[in-house]
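Colleague: Once you've had a glance at the structure underneath, I'll fire off some questions.
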Amino acid sequence: MNVLHDKLVIASNNKHKLREIREILGTRFPHIFSLAEIGIDVEIAETGATFLENARIKAKTIVGMTGLPALADDSGLEVCALNGAPGVYSARYAGEPCDHDKNNEKLLKALEGVNDRRAAFVSVIMVCFPDGSEVYTEARAEGEILTAPRGTGGFGYDPVFLSKDLDITFAEATSAQKNSVGHRGRAVNNLLKLLEI
Ligand code: IMP
């Protein structure tokens, strides 16, 4: 099934996600557009209770506005000792607007004195098409939360997340390393398989 026509819009204003998704899709899909590139300035309310619901809301909104296939990522960090929090609320864990430094401070405080540091990043990638059909996939990256940030790359919780696969934080990893074992890299690669691209 090769249903991606010739254009795909990435339904995200997050420049870090956009960069990662472009890098992962690479040259396999040349006609990728950000919202800015097609002149769309929209803040989509993420009112869903799950990553899947939020990914669908974002992708469907952009299909409705553009008439083009749209790819959305909804992702977050699930911490075992916090019963899966911050989860779908990862971006706004320390309040709105999203402030990554405050989110990391709040997380480290919540885990002060906690021995169980296990956590996972989760990404749901959804592509919706103008005919109403959709394809989606979910992937995880396992790791643990450090007691202090390490590294300057990446974004969000990357400096406090020690990757089980890499044994360094995602903020210490190169983007190629992060993409090879990260939740978004795995999810996008699963999606390409599903779409047979
Ligand atoms: P979304 O826009 O609702 O999907 O928010 C995703 C939020 O989850 C981001 O703002 C980050 O807080 C967190 N997050 C998702 N993926 C990553 C990642 O790859 N690294 C670090 N934080 C991430």
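The values are calculated or read from the model by the stated rules, or taken from the named source; none is laboratory data. Predicted model only: the values in this text are computed from it and were never measured. Reconstructed Cβ throughout: ideal geometry from the backbone, glycine too, with neighbour counts over all protein chains shown. SASA here: full protein model, heavy atoms, side chains in, ligands and nucleic acids out. Shrake-Rupley method; radii C 1.70, N 1.55, O 1.52, S 1.80 Å.
Colleague: Do me a favour and compute the ellipsoid semi-axes for the stretch 1-97 from its Cα gyration tensor, root of five times each eigenvalue, largest one first, whole Å. Display every interim value, and only then the final one.
Modeller: On the way: eigenvalues 133, 44, 33 Å².
Semi-axis lengths for the stretch 1-97 are 26, 15, 13 Å.
Colleague: Return the FRET efficiency for the residue pair residue 165, residue 28: r is the Cβ-Cβ distance, R0 is 22 Å, and the value is rounded to the nearest 0.05.
Modeller: Numbers: r = 23 Å, r/R0 = 1.04.
Plugging the Cβ-Cβ distance into 1/(1 + (r/R0)^6) gives 0.45.
Colleague: Could you state the angle between the C-alpha long axis of helix 51-66 and the longest principal axis of the C-alpha atoms of the chain, as a value from 0 to 90 degrees rounded to the nearest 10?
Modeller: With both axes taken from Cα atoms, the answer is about 30 degrees.
Colleague: Taking a probe of 1.4 Å, how large is the accessible area per residue of the stretch 7-195, in Å²?
Modeller: Values: 8850 Å² over 189 residues.
Value returned for the stretch 7-195: 47 Å² of accessible area per residue.
Colleague: Between residue 152 and residue 50, what length comes free when the chain is fully extended (0.36 nm per residue of separation minus the Cα-Cα distance, one decimal in nm)? Write down the numbers at each step before the final one.
Modeller: On the way: separation 102, 0.36 × 102 = 36.72 nm, distance 2.95 nm.
Fully extending the segment from residue 152 to residue 50 adds 33.8 nm.
Colleague: Okay, next question. Once the whole set of protein chains is in place, how much accessible area is left on residue 50, using a 1.4 Å probe, in Å² to the nearest 10?
Modeller: Result for residue 50: roughly 60 Å² accessible.
Colleague: Related question: Treating the beta-carbon of each Lys and Arg as +1 and of each Asp and Glu as -1, no other charges, what is the dipole magnitude of the chain about its Cα centre, to the nearest 20 debye?
Modeller: On the way: 22 positive and 27 negative charges, 41 e Å.
Approximately 200 debye in magnitude.
Colleague: Would you work out which of 12, 173, 195 lies farthest towards the positive end of the dipole of the stretch 7-195, given +1 charges on the beta-carbon of Lys and Arg and -1 on that of Asp and Glu, about the Cα centre?
Modeller: Comparing the listed Cα positions along the dipole, 195 ranks first.
Colleague: Taking Cα atoms, how many degrees apart are the long axis of helix 15-25 and the longest axis of the chain, rounded to 10 and kept between 0 and 90?
Modeller: Roughly 60 degrees between the two axes.
Colleague: Also: Hey, which of these cross-link pairs are over 18 Å Cα-Cα: 60/178; 17/178; 106/164?
Modeller: Values: 60/178 28 Å; 17/178 12 Å; 106/164 22 Å.
Those over the limit are 60/178; 106/164.
Colleague: Dimensions of the chain along principal axes (Cα, Å, largest first)?
Modeller: In descending order, the Cα extents are 51, 30, 25 Å.
Colleague: Over the stretch 7-195, with every protein chain in place, what whole percent of the accessible area is carbon and sulfur at 1.4 Å, could you tell me?
Modeller: Details: 4520 of 8850 Å².
Using a 1.4 Å probe with all protein chains present, the stretch 7-195 comes out at 51 percent carbon and sulfur.
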